[in-house]
Amino acid sequence: MSDQSDARVPHRVDAVPVRHPGRWVSAVVVLVLAAMAVNALVTNDKFAWPTVGKYLFSEPVLRGVGWTLWLTVASMAIACVLALLLAVMRRSDNRVMRYVAWVYIWFFRGTPIYTQLVFWGLISVLYPKLSLGVPFGPELFHFTTADVFTASRAAILGLALNEAAYLAEIVRAGLSSVDNGQSEAARALGMHEDTILRRIVVPQAMRVIVPPAGNETISMLKTTSLVLAVPFSLELNFATSAIGNRIFQPVPLLVVAAIWYLAITSVLMVGQFYLERYYGRGFEGHRPAGGGGGKQAAINAAHTTPEAPIYDDMGRPHGGRV
């Protein structure tokens with residue numbers, strides 16, 4: 001009798017975890033290649049690492065870093081304002097507004113940024129004097145273009161106008177991602193269109209806008225190296241190139257520029273990460289702070305589920321809860 005009962009008891013299963021030898025092989029290969037790359041950089045005398053250390057924090061390089069950051073921040077600030085305006089114009093019911101915004105985006109996206117910067121550098125030659133007045137009438141005031149459009153201002157304006165064309169499409173996609181029902185509900189509550197855009201549509205659209213806008217900001221950081229076309233010669237890339245040509249060692253100064261660009265890009269990527277996490281709160285795929293996954297998430301959801309009220313025979317809510 002005992003032998004039959006023992007036969008019906010299932011034996012314990014010793015589960016063997018699945019082995020992935022390919023992962024270990026690929027990891028070893030990648031580590032070996034990375035070690036070879038680091039060794040090739042460190043042991044190659046042509047990189048002149050003592051020269052890199054000498055000029056990494058030199059005054060011209062730090063000044064170039066400051067101007068590069070200023071060009072990036074100023075041009076992106078102007079571009080964001082213009083992009084929001086263009087995106088709203090693209091969504092407008094006014095055909096003139098839609099077509100003007102479309103032509104602007106078509107022109108600035110269809111011509112190279114270097115060509116645009118060259119024209120902005122020649123603005124004082126093309127138009128030595130600009131004036132404002134009544135058409136075919138008296139002139140109210142005028143100004144000399146060379147005094148207003150300095151090299152730095154022309155560079156910022158050229159970068160901003162070009163970037164606005166790309167950001168406008170990003171902003172338009174973000175605004176279109178917000179359900180129209182929310183705008184209709186806000187109109188039913190008596191909210192004005194500008195208030196709806198500022199307080200309802202734009203905050204929700206930021207979840208879609210921030211990732212590509214962050215990429216555009218990083219791209220703008222490197223695009224500032226083209227402002228030599230204006231010409232503007234105080235940014236980082238030109239500063240390091242000038243030093244390299246003067247001491248006849250261009251390679252180590254290129255390394256200096258690359259290190260600074262990588263450092264600034266890393267800071268921008270960290271900021272982009274926190275912005276994405278901030279505007280991604282409450283959406284699918286975002287884990288709330290302090291919440292776990294799996295069983296713990298189910299327990300948290302069960303504890304936070306609202307209780308349903310009890311209704312009496314007249315349909316009025318009763319004091320009890322279920």
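Read-outs: derived from the displayed coordinates by stated rules, not from any lab. The structure presented is a predicted model; accordingly, all values stated were derived computationally and were not measured. Counting neighbours? That spans all protein chains shown, and the Cβs are built from the backbone with ideal geometry, glycine included.
Annotation: peptides 225-234, 267-276, ranked by per-residue average of other Cβ atoms within 10 Å with the highest first, follow the order 225-234, 267-276.
Taking all Cα-Cα distances within region 90-193, those exceeding 24 Å account for 50%. Evaluating 6.51 cos²θ - 1.76 cosθ + 1.60 at θ = phi - 60° for every residue in region 106-112, the Karplus couplings come out as 4, 5, 6, 7, x, 10, x Hz, glycine and proline recorded as x.
Each peptide among 51-59, 23-31 gets the average number of other Cβ atoms lying within 10 Å of its residues, and from highest to lowest they stand as 51-59, 23-31. Placing a label point 7 Å from the Cα of R63 along the Cα-to-Cβ direction, the residues of region 136-171 whose backbone N falls under 16 Å of that point are 151-152.
Each residue of region 80-87 was assigned a 3J(HN,Hα) from its phi angle through the Karplus curve 6.51 cos²θ - 1.76 cosθ + 1.60 (θ = phi - 60°); the sequence is 5, 5, 5, 5, 4, 5, 5, 5 Hz, with glycine and proline shown as x. With a Förster radius of 41 Å applied to the C-beta separation of V25 and I200, the computed FRET efficiency comes to 0.20. Evaluating 6.51 cos²θ - 1.76 cosθ + 1.60 at θ = phi - 60° for every residue in region 224-237, the Karplus couplings come out as 4, 5, 8, 5, 4, 5, 5, x, 10, 10, 10, 6, 4, 4 Hz, glycine and proline recorded as x.
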